[in-house]
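Below: one structure, written as structure tokens.
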Amino acid sequence: MTTTEPPGALAPLAADRVIAVVRAPEIPDAAALAAALLAGGIRWIEFTYTTPGLAGHLRRAVAEAGDAVVGAGTVLTAEQAERAIEAGARYLVTPGCRPAVAEAAAASGVPVVMGALTPTEVGHALDLGAAAVKIFPAHTFGARHLRDLAGPFPGTPLVASGGVNAGNAASFLSAGALAVCAGSDVVPPAAVAAADWRTVTANARAFVQAL
């Protein structure tokens, strides 16, 4: 099954295939974390608003992480969207359909990967101008759910998120996902808090190899 590449800034995601989602209570060094993921073969990094001080982490990663494609996740409001964009986020990710986020992002020309699960929500996300649609939680319904969604929404860039790991990531890609989100399987909060970048790099490398 094939997908249509998303426009603009998200187009390279079709080749990279993985977004590392950082959901940790603290990040001692966002630039070092990004470098560790890059060393393991993952360029796309989503820092989420569940981590305090997100704007500062974004600024540091954007300024020092070289080839990393840095975005902001768990964006719920227009204010959060605007702060993330000001800090240098190149894309935004939402857990569900958020019209205010879509509007703020469009005003700045920043693409949104908008969360959805059902056909109704996928359609709503597309109506709001989503560059790609994040199917969350993907593990709950499995890869077959993405394949089924491709029926009424052919060519829609879908990103599988939630419970995706090295053991099942390839199945989502085979089902037609443009990319998958790698969470704690690659970026364990404990490893981040301990600045254990070797573990992060090893996890990233294993995840990419499993694809």
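The values are calculated or read from the model by the stated rules, or taken from the named source; none is laboratory data. Note that the coordinates shown come from a computational prediction; the quantities given were computed from them, not determined experimentally. In this analysis, Cβ positions are derived from the backbone assuming ideal geometry, glycine residues included, and neighbour counts consider all displayed protein chains.
Data for the structure
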{"read-out": "Ile42, sole failed condition from (1) crowded, with 20+ Cβ neighbours inside 10 Å; (2) without any contact (Cβ under 8 Å) to a residue 60 or more places away in the chain", "value": "(2)"}
{"read-out": "All positions within segment 18-38 that are within 14 Å of Gly53 (Cα to Cα) and not in a helix (DSSP H, G or I)", "value": "Val22, Arg23, Ala24, Pro25, Glu26, Ile27, Pro28, Asp29"}
{"read-out": "Condition met for Ala190 (touching a helix residue (DSSP H, G or I) at 6+ places or on another chain (Cβ under 7 Å) and more than 22 Å from Val75 (Cα to Cα))", "value": "no"}
{"read-out": "Some residue of segment 152-164 being closer than 14 Å to Val18 by Cβ and among the polar types (S, T, N, Q)", "value": "yes"}
{"read-out": "Residue check for Pro137: surrounded by fewer than 17 Cβ atoms within 10 Å (Cβ to Cβ), without any contact (Cβ under 8 Å) to a residue 60 or more places away in the chain and more than 18 Å from the chain's Cα centre (by Cα)", "value": "no"}
{"read-out": "Looking only at segment 179-195, and only at residues there that are surrounded by 15 or more Cβ atoms within 10 Å (Cβ to Cβ) and without any contact (Cβ under 8 Å) to a residue 60 or more places away in the chain, the one that is nearest to the chain's Cα centre (by Cα)", "value": "Asp185"}
{"read-out": "Counted residues, segment 68-97 - those being in contact with a Gly (Cβ under 8 Å, 6 or more places away or on another chain) and either under 29 Å from Asp148 (Cβ atoms) or surrounded by fewer than 23 Cβ atoms within 10 Å (Cβ to Cβ) (or both)", "value": "9"}
{"read-out": "Scope segment 63-103; condition assigned to a strand (DSSP E or B) and in contact (Cβ under 8 Å) with a residue 24 or more places away in the chain; matching residues", "value": "Val69, Val70, Gly71, Ala72, Gly73, Val93"}
{"read-out": "Selection status of Leu13, modelled with pLDDT of 95 or more and surrounded by 24 or more Cβ atoms within 10 Å (Cβ to Cβ)", "value": "no"}
{"read-out": "Candidate set: segment 159-211, residues that are polar (S, T, N, Q) and part of a helix (DSSP H, G or I); chosen: the one farthest from Val122 (Cα to Cα)", "value": "Thr199"}
{"read-out": "Any hit, segment 111-118, residues being at pLDDT 95 or above, among the hydroxyl-bearing types (Ser, Thr, Tyr) and crowded, with 17+ Cβ neighbours inside 10 Å", "value": "no"}
